[in-house]
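Below you'll find the structure, written out as structure tokens, and then a few comments.
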Amino acid sequence: MSRPRARRGPVVRVLLALAVLAASVYLILSTAPRLGLDLRGGTQIVLQAKDSAQAKADAATTDRALEVLRRRVDQLGVAEPTLARSGENRIIIELPGVQDPRRAVEVIGRTAQLTFHPVIGAQQPGAQPKPGQKVLPTAEGEQLVLGPAALTGEGVADATAGPAPNGPGYVVSINFQSAGGNAWAKLTGQAACAPVGSPVRRVAIALDDKIISAPEVNPQVSCNVGILGGSTQITGKFTNQQASELAVLIKGGALPVPVEVVEQRTVGPTLGADAIRASIEAGVIGLGLTALFLIVVYRLAGLISVIALIGYSALSYAMLLFIGATLTLPGLAGLVLAIGMAVDSTVLVFERTREEFLGARTDQRLPKALDRGFGNALSAIVDSNITTLLAAGLLFWLATGPVKGFGVTLTIGVLGAMFSTLVLTRALLFLAIRGPFAKHPKLTGLAHHGIVRRKLEARDPKLYDRPGRWLIGSAIVLVLLFAGVFVRGINLGVEFTGGRVLEYSTSAPANVEKVRNAVSEAGFPRAIVQASGQDAVTVRTEPVENTAPIRDAVAKAAGKAEQIRDEKIGPSLGVELRNNALIALLLAVLAQLAYLAFRFDWRLGVATVLALTADVLIVLGTFAWMDKTLDAVFLAAMLTVIGYSVNDSVVVFDRVRELRGLRPKETFARVSSAAVLQTLPRTVNTGIGVLFVLGALLALGGGSLADFALAMLLGLIAGTASTIVTAAPIAVLLDKRWPGAGKQRSKKKSHYSATPAHKRDHTGAVV
């Protein structure tokens, strides 16, 4: 009776995996993805509400302003616009397909205080208006003295533009609400009491304290009766576009508080299409190379992991569709990167299974070793993924726009990777090894160690008997690379400084120096010009409104200048984003330290945090030497590097904690050396898997996508090396000063780990 119950677990996992995959396929086939503006092209505008004499720019007034803006945007005819409040007083507006943001900003960003005034008379030279009166000019330059507003835009029910009925040009027809119609009749009735031709017989209609029309009341209108019916027309020398925009403003109503454009981004559709193509190609190439590598190293187990990776990719993408997440450029990079990072947990399980199978004291079948391998790897998998989730959570909390979307995709990637390893891969492996492969375990790839590990363990090197040597070497590398910050300086992007960045595609690879000189001669001597991909250049300058001279200068120097990106960040927002970036990095480090101190002990936590800090400084210094821009995408890469660096240290220190309980008489230095050697195959194999994906992104991507891949690649190399040359030596020194590192908890005894390396032969058997 016990055997069917024992087999029930794999069957349940298989059924669960099939159900999840079937649901994922259904979502992929039935749901269209939501693409961000950086992938489909369009304009994003961030408005910040300001306090006025009448109202405070809090959440309530910002929400009212949002509704007014929504009505205005609807009148613009933009397909699938998105408006949302961000924080207390910011509004984010996304306008897909809009490539010229100036008109959109002029229409939706105006306060649009529409008022209707009685005309007291024409302004006389030297006369001063009485209290409550104001003097405003007409479009023809005539100065009129106006009385207090008798009616505001809140009394307007509708406004439409159309051709003028009695002549050329266009007019705006206004329909009033019931109370507004009564006020309009009273206003025009009072004006009708003045003689024909008198300025007092006119009614002034002002928008934002500018008279847009001052018509005289028709002679047929009776005194104190006024224009009845609740409607009127604004006449003037309007073009069709001017009349349409005026109708939008009047119908939309007045904003309760003034707003200011603090950020503006415009992305051409060609840039988005190139990013999608590069990400898909990088994903296919990276996944193909990773699959080939896994099959060569792990044989049948590698093939099964490849199948699981394909399922993981479908699951992660389906989860994004299910929650309605917007897929952005950093999000695409995050999905592609997660394919490589998903290899980590699988490789960790494979290596633990090899240890259990080869290190057993008695005859042990592969299913039992596989079960132990999953059990022994579970704590390291959970710890490493939680540290990555901490970084992803900080991205979602502190970041904005595409980088916030990267935090979402990173979270989904981590959760999908855990499901792929612990459910899908486990179910497929248990089914496979109970068949004909049970009698031929070597074909599974789980019955032997790699040649590198066998040779290292045969030599049994004492890596950390002199930990100071490792730290001196790593300190020299750190100083040399971080010196770039002081020698070359940090090239902050406009997100952190404020300004404007423009990207243009050129007909051929442009001479950057020639473009720089042309832009300088056009009146922008402090502009920073850099190559962006193969046939594109970026120009970064202080905030400017008219960018036509820059485009003309680039076209003159490069033969062609088609704008594919335009970003404008206000100085105040740049300072805020820079502060948030520093807070995010600091909180990430503190969160990792707190978690590691809780899960391990403070010595291992301090060693890990110091190592990941060195990783961040190395990447930062390398970017400074290479004169790369540090922008919001770089911040996403840095927080991911922190998570990845901690992952590697967690796996090693998890093994340290295990061996410390199994080898109580050995020194911490020897235990650390053994832990590094035993986890080295996982470190190398995981690194190679991620390397393939990042290499493909670096080779195929351009601009910020390539810079993201470069930062991650540098972080991968630094994070992998820092565990061995920085974190472990620091932990050894801390244990010498304050003994007891890694002794808080002891784990379940592992057959392989209980036997020191020098007492096993090359197959792992006990000698």
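Worth a mention:
- Extreme residue, positive dipole direction of the range 37-110, given options Ile92, Gln44, Ala65 (C-beta unit charges): Ala65
- With respect to the chain, whose longest principal axis is taken over its alpha-carbon atoms, helix 2-30 is tilted by about 30°.
- Rounded to 10°, Cα long-axis angle of helix 240-252 versus longest principal axis of the chain: 80
- Over all other residues within a Cβ to Cβ distance under 14 Å of Leu713, the charged ones net out to -1, with Lys and Arg as +1 and Asp and Glu as -1.
- Taking the Cα centre of the range 81-164 as origin and assigning +1 to Lys and Arg Cβ atoms and -1 to Asp and Glu Cβ atoms, the resulting dipole is close to 220 debye.
- Residues Met418, Met712, Met626 arranged by fewest to most Cβ contacts within 10 Å: Met626, Met418, Met712
- Whether the range 602-732 is rounded, prolate or oblate, judged on the alpha carbon gyration tensor where a/c under 1.5 counts as rounded: prolate
- Only the Cβ atoms of Lys and Arg (+1) and of Asp and Glu (-1) were treated as charged; on that basis the dipole of the chain about its Cα centre amounts to roughly 4120 debye.
- Crossing angle, helix 178-191 versus the chain [Cα axis fit, 0-90 degrees, rounded to tens]: 30
- If you wrap the Cα atoms of the range 21-174 in a convex hull and average its projected area over all directions, you get 15.2 nm².
- In this structure, the residue pairs whose Cα-Cα separation is over 20 Å, taken from Lys210/Lys237; Lys462/Lys665; Lys50/Lys130, are Lys50/Lys130.
- Whole-angstrom Cα spans of the chain along principal axes, big to small: 120, 66, 51
- Kirkwood-type radius of the range 499-567, with distances r between different C-alpha atoms, in Å: 11.3
- Gain on full stretching of the segment that runs from Asp465 to Asn166 - 0.36 nm per residue minus C-alpha separation: 97.8 nm
- Cβ-based charge dipole, the chain, positive-most Cα from Phe176, Leu700, Ser474: Ser474
- Taking the DSSP beta bridges with both ends in the chain, the antiparallel portion is around 95 percent.
- Ranked list, fewest to most other Cβ atoms within 10 Å of each Cβ, for Glu513, Glu567, Glu562: Glu513, Glu562, Glu567
- Electrostatic tally near Thr541: other residues with Cβ closer than 9 Å to its Cβ, Lys and Arg +1, Asp and Glu -1, net +2.
- Helical mean residue ellipticity (222 nm; -39500 (n - 2.57) per DSSP H run of 4+; nearest 500) of the chain: -19500 deg cm²/dmol
- Inverse of mean 1/r across different Cα pairs in the range 37-110, Kirkwood, Å: 12.7
- When all alpha carbon pairs of the range 114-254 are counted in 10 Å bins from zero, the resulting P(r) reads 13, 42, 38, 7, 0 %.
- Gain upon complete extension [Ser173, Ser52; 0.36 nm per residue less C-alpha separation]: 40.5 nm
Every read-out reported here was derived from the displayed coordinates using simple, explicitly stated rules and does not represent laboratory data. Computed from a predicted structure; not experimentally measured. Glycine also receives a Cβ, built like all others from the backbone with ideal geometry; neighbour counts cover every protein chain displayed.
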